[in-house]
1. Once the Cα atoms of helix 162-175 and of the chain are each reduced to a long axis, what angle between those two axes, in degrees from 0 to 90 to the nearest 10, is obtained?
2. Could you give the radius of gyration (one decimal) and Dmax (whole number) of the Cα atoms in the stretch 123-178, in Å?
3. Past 21 Å, Cα to Cα, is the threshold; run 145/219; 130/204; 130/219; 35/204 against it and keep the listed order.
4. Which one of 37, 137, 129 has the biggest mean-square fluctuation once the chain is modelled by GNM with Cα springs under 10 Å?
5. Taking the chain as a Gaussian network, where each spring joins two C-alpha atoms under 10 Å apart, which residue of 90, 161, 114 fluctuates the most?
6. Can you tell me the FRET efficiency between residue 166 and residue 207 if r is taken as the Cβ-Cβ distance and R0 is 30 Å, rounded to the nearest 0.05?
7. As I understand it, the value is the acute angle between the Cα axis of helix 198-208 and the longest principal axis of the Cα atoms of the chain; what does it come to in degrees, rounded to 10?
8. Using only the alpha-carbon atoms, how far is helix 86-98 inclined from the longest principal axis of the chain? Give it as 0 to 90 degrees, nearest 10.
Amino acid sequence: KEGAAVTLVGRRKAPLDMVARDLPKSIAVMADVTKAADCETMVAAARAANGPIDIVVANAGAVESAPVAKISTEHWQRMIGVNLTGAFLTVQAALGDVTRKGKGTRRIVFTASTAGLKGYPYVAAYCAAKHGVVGLARALAVELKTDGLTVNAVCPGYTDTPLLDAAAAAVAGKTGRSIEEARAVLARDNPDGRLISPDDVAAKVLWLCSPAANAVNGKAIVIAGGAA
């Protein structure tokens, strides 16, 4: 909501600072979400700046592609580390706040993917990690039965972000297509044939964090212009 206190987390200080300038009650914290100590530090910084945490959005993600026969142990661990372990550690560090007793709206929202609900070729490790995120959300929704707390996941399809730019470049490099042709190929995987806007995803997360979503818990909500 407007004027809410926000903590922004990332690995690059400059982009964080640029976003923070437009959010008067926000702070920017650099952290590696694959490290428990970093997650504990960022939660402590958020609490010190704005008081107890009511909403956690575990949004960090990364994707690499390779045929399954060529996926190295390091590739596998990177995908599981950022996408699944990072989501778990982010939430675990804030559990004491979001499960505290008392009235109020408290939320945990995971950013998963349609790759958490179905398979895609050449991204087996990423799919495995995102399926894990959906499972984590569903498990916590059952386990954390605290008044006012809900746990959900959003599952975007191909979304127009820097991550998509990298995927399009990889497709173009392997197929000889132009970047625009590669983007179009990826967009066609979404049911309505267009790339999802980051604003589409943000709007659904904001709704999940609002009182209007009090009765929505343990769901994996597809944002892809149609069914996954």
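The values are calculated or read from the model by the stated rules, or taken from the named source; none is laboratory data. As the structure is a computational prediction, the values presented were derived from the model and not from experiment. Here the Cβ is made from the backbone with ideal geometry for all residues, glycine too, and neighbour counts use every protein chain on show. When the accessible area is computed, the model is the full protein with side chains, heavy atoms only, and any ligands, DNA or RNA have been set aside. Shrake-Rupley method; radii C 1.70, N 1.55, O 1.52, S 1.80 Å.
1. That works out to roughly 10 degrees.
2. 16.7, 54
3. Cα-Cα > 21 Å for 35/204; rest within.
4. Of 37, 137, 129, the Gaussian network model singles out 37 as fluctuating most.
5. Comparing 90, 161, 114 in the GNM, the peak value goes to 161.
6. Result of the calculation: an efficiency of 0.60.
7. 30
8. 20
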